[in-house]
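The values are calculated or read from the model by the stated rules, or taken from the named source; none is laboratory data. Predicted model, so just to flag it, every value in this text is computed and none were measured. Using ideal geometry, Cβ is built from the backbone for each residue, glycine included, and neighbour counts are taken over all protein chains shown. Please note that ligands, DNA and RNA were not included when accessible areas were found on the heavy atoms of the full protein model with its side chains. Shrake-Rupley method; radii C 1.70, N 1.55, O 1.52, S 1.80 Å.
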Amino acid sequence: MPRYTYRRLTKLPTTADELRRHTVLNLPGMLHGLRFQHTVMQPGAVAPISVEDDTGILIFTIAGRGVMLLDGDRIEVAANDLVHIPAGVPYGLQTLGIVDWVYVLLQAPVA
């Protein structure tokens, strides 16, 4: 059983009414010490495998494609994919294809 969570958000809201009804991902305790990062990785870029022992990470892909090495698994991600990496899970990142991989990273200390 993987220790990470992978979700594809297939339909994002586009109108004001849909935004009002949109489900919010609520993770208790995620605001204290929260770090937000917008990242653009160019084709061929690699972030080597590392482990964050004291923080959990959410990565939401906006555009492009990437490969995530998560706890020994290889996961390909694209637009609207959301990955949760709990503290202590080894991960690495690499762009896939010939376009930039654009994603948002949220990182917060483990409560």
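Of all the residues in the stretch 72-111, those that are assigned to a strand (DSSP E or B), over 19 Å from LEU34 (Cβ atoms) and small (Gly, Ala, Ser) number 2.
Just to be sure before I move on: is LEU69 part of a strand (DSSP E or B), out of contact with any helix residue (DSSP H, G or I) (no Cβ under 6 Å at 6 or more places or on another chain), open to solvent by 40 Å² or more (accessible area, probe 1.4 Å) and not small (Gly, Ala, Ser) in the structure I sent? Here the answer is yes, as LEU69 does meet what is asked.
In the stretch 68-95, the residues that are within 25 Å of ALA111 (Cβ to Cβ) reach residues that are among the hydrophobic types (A, V, I, L, M, F, W, C) and at pLDDT below 90 with C-beta atoms within less than 7 angstrom, at least six apart or across chains, in these pairs: LEU82/LEU9; ALA87/VAL110. Of all residues in the stretch 33-66, those satisfying the criterion of being part of a loop (DSSP other than H, G, I, E, B) and either at negative phi or open to solvent by 40 Å² or more (accessible area, probe 1.4 Å) (or both) are GLY33, LEU34, GLN42, PRO43, GLY44, ALA45, VAL51, GLU52, ASP53, ASP54. Within the stretch 96-111, being without any contact (Cβ under 8 Å) to a residue 60 or more places away in the chain and open to solvent by less than 40 Å² (accessible area, probe 1.4 Å) holds for one residue alone: LEU96.
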